[in-house]
Amino acid sequence: MVQRFDVHERFAEGAQYLAGELRDGSSGRSQQVVDPATGEQVFSYRLASTADVDTAVRAAADAFPGWAGATPGERSNALHRFAAVLGERAGELAYAESLQCGKPVKLSEEFDVPGSVDNAAFFAGAARHLEGRSAGEYSPGHTSVVRREPIGVVGSIAPWNYPLQMAAWKVLPAIAAGNTIVLKPAEITPLTSLMFAQAATEAGIPDGVLNIVSGAGREAGEHLAAHPDVAMTSFTGSTAVGKRVAEIATSTVKRLHLELGGKAPFVVFDDADLEAAVHGAVAGALINSGQDCTAATRAYVQRPLYDAFVSGVADLMATVRLGDPFDPATDLGPLVSHTQRDRVAGFVERARSYATVVTGGEAPQGDLAKGAYYRPTLITGAAQDSEAVQQEIFGPVLVVLPFDSDDEGIALANDTPYGLAASAWSRDVYRTGRASREIKAGCVWVNDHIPILSEMPHGGYKASGFGKDMSAYSFEDYTQVKHVMYDNTGAARKDWHRTVFGDRA
Ligand code: NAD
């Protein structure tokens with residue numbers, strides 16, 4: 001059950017979380033948090049300045065030696081408490097997430113919040129499994145040991161589509177491995193990242209281990225990516241901004257982790273279970289109003305099933321209930337902002353000149369007209385090289401295209417710059433096996449689309465970026481390995497000294 005609270009009262013001191021305390025931003029510029037279901041302001045705060053970013057980085061740097069020096073068991077215990085506190089705050093977190101994003105409560109209550117709690121519980125366990133791969137004698141007279149060490153201060157930048165889960169994905173592997181962190185949430189959705197940080201403090205995670213700067217991308221984001229005392233930049237967001245962040249971060253030679261955009265194909269072979277594919281496509285396209293980097297966006301359907309698939313999707317989309325995110329019966333809330341809704345509508349309006357809008361393609365009128373709503377939209381007849389097929393729309397829009405041979409279906413699925421996720425639908429294990437091998441994406445679902453797990457890696461191929469979130473694989477990004485080589489002979493004159501001293505060795 002969502003638990004409402006007074007947002008102004010909760011964040012009266014400001015929307016920056018520095019060394020365990022809420023503070024006001026010092027940029028002198030204000031930012032509104034708007035309920036996209038009504039268009040009304042629910043909170044206003046002062047954005048972080050570059051000086052606030054410096055303060056956050058200093059707090060993280062000061063906290064680093066103590067946190068990195070804690071035993072894995074101590075960090076694990078703190079993360080177990082963190083998971084418990086997040087679980088106790090589930091109702092408030094679901095409220096704030098639905099308020100700032102317009103998510104239907106059934107999504108925030110059943111996906112965003114429990115997913116984040118589960119992530120904390122997973123990394124509490126995983127923290128104790130960190131290890132170097134081996135110790136042994138790889139040359140006579142020496143023992144080599146591999147140490148796995150944290151990197152230092154991580155600067156993370158997150159998007160607005162899943163603010164709580166993105167905070168969890170960025171923060172948990174980083175701190176489980178002994179790093180400290182400065183997280184910049186998207187400026188329009190800072191509330192649950194701040195609550196996440198407060199929960200960390202309540203769980204006993206030391207001040208400065210997790211800091212939040214709620215600031216503008218160009219100012220706070222770029223300053224964080226460029227900061228000389230930040231050892232790693234971890235970014236989730238669009239490919240365009242990711243490229244900019246990468247340029248800035250590499251100028252100071254930082255480790256990079258980029259989780260970028262997606263344009264997931266949904267490939268339906270002619271022996272697929274049609275009902276399963278239709279339901280999977282509508283749910284996969286509409287989850288979070290389509291503002292999901294792995295959402296089903298391009299359905300390729302083999303010719304014999306094409307007509308039935310299109311009419312099945314159109315009929316099912318018509319049953320989806322748009323409404324108040326806090327009404328448990330609502331299936332689809334608004335988009336995150338009116339700006340995002342207008343951007344999506346722009347893609348659909350332009351598509352009318354080269355394709356057919358079968359259903360949707362408009363904002364609802366009446367009670368919902370004030371919100372950033374957009375009807376579930378199905379487009380057919382678009383060419384493979386059109387923008388509706390190639391670019392990330394990030395709204396409740398599915399484009400369907402036919403294909404003939406299996407070769408063609410797989411080739412079309414691979415024919416965008418992105419490679420984050422995909423799905424293949426067939427009753428034939430050899431067909432889905434081939435598709436899962438040949439589709440270039442970080443995740444391929446077989447006869448499903450969307451589910452994620454704390455234990456499994458999430459991350460892109462191609463222009464969808466590199467690095468993994470969740471799972472033990474994320475430790476490869478958030479740690480570095482060191483070779484320590486011990487002489488175990490005690491001899492003053494080593495054999496290899498001959499290469500310098502010759503006979504005198
Ligand atoms: P965005 O790229 O506009 O912004 C992401 C973050 O970057 C925000 O915090 C923003 O303030 C910041 N930012 C903007 N300009 C910046 C700059 N010049 N320097 C530093 N930081 C800057 O993305 P968005 O619109 O918030 O989110 C939607 C995008 O995120 C989509 O492309 C989606 O696919 C992607 N996404 C990817 C994943 C993934 O795991 N691959 C997950 C969620 C979202």
Cα axis of helix 163-176 to longest principal axis of the chain: angle in degrees, 0 to 90, nearest 10?
-> 20 degrees
How big is D for the chain, in µm² s⁻¹ as a whole number, if Stokes-Einstein is applied with the Kirkwood radius of its Cα pairs at 37 °C and 0.692 mPa s?
-> 137 µm²/s
Residue-count net charge about Phe501 - beta-carbon cut-off 12 Å; Lys, Arg +1, Asp, Glu -1 | +2
Dividing the convex hull volume of the Cα atoms of region 128-260 by its residue count, what figure in Å³ per residue is obtained?
-> 134 Å³
Quick one: which residues, 5+ away or cross-chain, put their amide H under 5 Å from the amide H of Val42? H built at 1.01 Å from N.
-> Val33, Val34, Asp35
Which whole-Hz couplings ³J(HN,Hα) result when phi for each residue of region 258-268 is put into the Karplus expression 6.51 cos²θ - 1.76 cosθ + 1.60, θ = phi - 60°, listed in order with x for Gly and Pro?
-> 10, 10, 10, x, x, 8, 5, x, 9, 9, 10
When only DSSP loop residues count, what trypsin sites (Lys or Arg not before Pro) in region 416-505 have their Cβ near at most 14 other Cβ atoms within 10 Å?
-> Arg427, Arg493, Lys494
Given Val500, Tyr486, Ser471, which one lies farthest toward the positive end of the charge dipole of region 462-505, if we put +1 on the Cβ of every Lys and Arg and -1 on the Cβ of every Asp and Glu?
-> Val500
Amide proton proximity set for Trp445, modelled H, under 5 Å, gap of 5+ = Ala422, Ser423, Ala424
With contacts defined as alpha carbon pairs under 8 Å and 6 or more residues apart, what's the relative contact order of the chain in percent?
-> 17 percent
In the neighbourhood of Phe309 defined by beta carbon distances under 14 Å, the net charge of the other residues (Lys, Arg +1; Asp, Glu -1) is -4
Among the aspartates and glutamates, which have Cα under 20 Å from the Cα of Lys494 when same-chain residues fewer than 8 positions away are ignored?
-> Glu137, Asp503
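Would you tally the net charge around Gly459, using a Cβ to Cβ cut-off of less than 10 Å, leaving Gly459 out, and scoring K and R as +1, D and E as -1?
-2
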Accessible-area composition of region 114-163, carbon plus sulfur, in percent [1.4 Å probe] = 52 percent
In whole Hz, what ³J(HN,Hα) sequence does region 37-53 give by Karplus (6.51, -1.76, 1.60; θ = phi - 60°), x for Gly and Pro?
-> 6, 10, x, 8, 6, 10, 6, 9, 8, 8, 5, 5, 8, 5, 5, 5, 4
Would you pull out the residues with amide H under 5 Å of Gly208's amide H, same chain only if 5 or more places away, H placed 1.01 Å from N?
-> Ala19, Gly20
Taking only the alpha carbons of region 264-446, the radius of gyration and the largest Cα-Cα distance, Dmax, both in angstrom, are 15.7, 50
What do the square roots of 5 times the Cα gyration tensor eigenvalues come to for region 167-239, in whole Å, largest first, as semi-axes of the equivalent ellipsoid?
-> 19, 15, 11
Mind scanning Lys103/Lys263; Lys263/Lys370; Lys106/Lys468 and naming the pairs with a C-alpha gap bigger than 25 Å?
-> Lys263/Lys370; Lys106/Lys468
Once you have the Kirkwood Rh of region 420-505 from its Cα pairs, apply Stokes-Einstein at 20 °C and 1.002 mPa s and quote D in µm²/s.
-> 124 µm²/s
Nearest 10 degrees, 0 to 90: what angle lies between the long axis of helix 303-318 and the longest principal axis of the chain (Cα atoms)?
-> 90 degrees
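Give me the Kirkwood hydrodynamic radius of region 262-316 in Å, from all C-alpha pairs, to one decimal place?
11.2 Å
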To the nearest 20 debye, what charge dipole does the chain have about its Cα centre, counting +1 at the Cβ of each Lys and Arg and -1 at the Cβ of each Asp and Glu?
-> 1440 debye
Calculate one ³J(HN,Hα) per residue across region 334-342 by plugging θ = phi - 60° into the Karplus curve 6.51 cos²θ - 1.76 cosθ + 1.60, and present them in order as whole Hz with x for glycine and proline.
-> x, 6, 5, 7, 5, 4, 5, 4, 5
Could you give the distance between the Cα centres of region 419-482 and region 20-76, to the whole Å?
-> 31 Å
Using only helices, what value at 222 nm comes out for the chain when you add -39,500 (n - 2.57) per DSSP H run of length 4 or more and divide by the total residues, to the nearest 500 deg cm²/dmol?
-> -11000 deg cm²/dmol
Work out the charge dipole of the chain with +1 on the Cβ of Lys and Arg and -1 on the Cβ of Asp and Glu about the Cα centre, then indicate which of Ala83, Ser27, Val446 is farthest towards its positive end.
-> Ser27
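The values are calculated or read from the model by the stated rules, or taken from the named source; none is laboratory data. All of these numbers come straight from a predicted model, not from anything done at the bench. All Cβ positions, glycine included, derive from the backbone under ideal geometry; neighbour counts span all protein chains shown. Each accessible area value is taken on the protein alone, full model and side chains, heavy atoms only, with ligands, DNA and RNA left out. Shrake-Rupley method; radii C 1.70, N 1.55, O 1.52, S 1.80 Å.
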